[in-house]
Amino acid sequence: MQEMIEKGMVKVEDSARVRELMHTMLNGDVYTSLQAVGNLGAIGAPAVGPLMQALLAADSNARWTVAMALARTGAEAVEPLIGLLLVADDELKNPAVWALAEVGVLRTSQSECCRALTAAALLKQGDPGGVAEVERVFELSGEAFTGLAMEAYEGT
């Protein structure tokens, strides 16, 4: 049984630790909350699903704390955050845009498709900081990437 659990995406120990850290993150004082954010980021992929659920359910102030933890998980959070940008209202989009910018997807992702979808989502959001970052990347990346991103933008 333990072997089956470990072969799955999330070990039982990871799941329990994520729940514990999320409780601390959302209910602790500033110092312990920030420690929990860092620890959730270190867990990585197993924390992304529960953090995305928390982002959807949290009140406005807690969303920003959850976004910090998602940003700390890095590339594992990119796809769910992009998906959220395409369907959510501004209350959810703003922390998601911030988290994507913190991950540095537009500058660091090896996948041109991922970078183009992120650029499209940031343009759709219309946040001045996100738009400015996309424009910088367009200048550095050339016409082919700009065309791909604009195609994604127009198609979403």
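Quick notes on this one:
- Close pairs (6 angstrom Cβ cut-off, 6 or more residues apart or separate chains): free of Cβ contacts under 8 Å to residues at least 40 places away in the same chain in region 96-120, surrounded by 16 or more Cβ atoms within 10 Å (Cβ to Cβ) and of a type in the set (Lys, Arg) anywhere: LEU106/ARG115; SER109/ARG115
- Between THR108, THR32, THR24, THR73, the distinction of being modelled with pLDDT of 95 or more and within 25 Å of VAL137 (Cα to Cα) belongs to THR73 only.
- Residues of region 132-145 that are closer than 24 Å to ASP89 by Cα and surrounded by fewer than 16 Cβ atoms within 10 Å (Cβ to Cβ): ALA132, GLU135.
- Among the residues of region 26-71, the one identified as touching a helix residue (DSSP H, G or I) at 6+ places or on another chain (Cβ under 6 Å) and without any contact (Cβ under 8 Å) to a residue 12 or more places away in the chain is THR32.
- Restricting region 30-44 to residues that are touching a Gly at 6+ places or on another chain (Cβ under 9 Å) and among the small types (Gly, Ala, Ser), the residue that is surrounded by the fewest Cβ atoms within 10 Å (Cβ to Cβ): GLY44
- Of all residues making up region 72-117, the number that are buried (at least 22 other Cβ atoms within 10 Å of the Cβ) and of a type in the set (Asp, Glu): 0
- Counting residues in region 46-62 that are charged (D, E, K, R), buried (at least 16 other Cβ atoms within 10 Å of the Cβ) and more than 23 Å from LEU140 (Cα to Cα) gives zero.
- Subset of region 1-21 that is β-branched (Val, Ile, Thr) and within 19 Å of PRO80 (Cα to Cα) - its residue that is modelled with the highest pLDDT: VAL18
- Lone unmet requirement of (1) within 23 Å of TRP64 (Cβ to Cβ); (2) modelled with pLDDT of 80 or more for MET150: (1)
The values are calculated or read from the model by the stated rules, or taken from the named source; none is laboratory data. Treat the numbers as computed from the prediction; the structure is a model and nothing was measured. Positions of Cβ are backbone-derived with ideal geometry, glycine not excepted, and every protein chain shown enters the neighbour counts.
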